[in-house]
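Worksheet: the structure to be examined is printed underneath.
The values are calculated or read from the model by the stated rules, or taken from the named source; none is laboratory data. From a predicted model like this one, the values you see are computed outputs, not experimental measurements. So basically every Cβ, Gly included, is an ideal-geometry build from the backbone, and we count neighbours across all protein chains shown. Ligands, DNA and RNA are excluded from the accessible area calculation, which covers all protein heavy atoms including side chains. Shrake-Rupley method; radii C 1.70, N 1.55, O 1.52, S 1.80 Å.
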Amino acid sequence: MLDQERKAALEECIVCHVEKKVGIHLYTSFICTECENEMVHTETNDPVYKLFIQRLKKVNTPQIYS
């Protein structure tokens, strides 16, 4: 039962795709604290910035559940 509770508390970050416990929610998307901090401190001319933009585009895409 503890494994299920621990897994329930984890969410997958839309940036790094790693399951984490701590982060922020943008609509239905989750961004871990580490990625949030890295995004805030990345310069716009850094190649990683483009990756962040691509991953953040998922926030605007509504998820369809069937």
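Report every pair of residues separated by at least 6 positions or lying on different chains whose Cβ atoms are under 6 Å apart, first residue within the stretch 25-47 and over 20 Å from Leu10 (Cβ atoms), second surrounded by 14 or more Cβ atoms within 10 Å (Cβ to Cβ) and not small (Gly, Ala, Ser).
Going by the 6 Å Cβ cut-off, the qualifying pairs are Met39/Phe52.
Could you check the stretch 22-57 and list, in sequence order, the residues that are assigned to a loop (DSSP other than H, G, I, E, B), at pLDDT 95 or above and within 11 Å of the chain's Cα centre (by Cα)?
Across the stretch 22-57, the qualifying residue is only Val22.
Could we say that Glu5 is open to solvent by 100 Å² or more (accessible area, probe 1.4 Å), more than 15 Å from Lys58 (Cβ to Cβ) and modelled with pLDDT of 90 or more here?
Spelling it out, it is not the case that Glu5 is open to solvent by 100 Å² or more (accessible area, probe 1.4 Å), more than 15 Å from Lys58 (Cβ to Cβ) and modelled with pLDDT of 90 or more.
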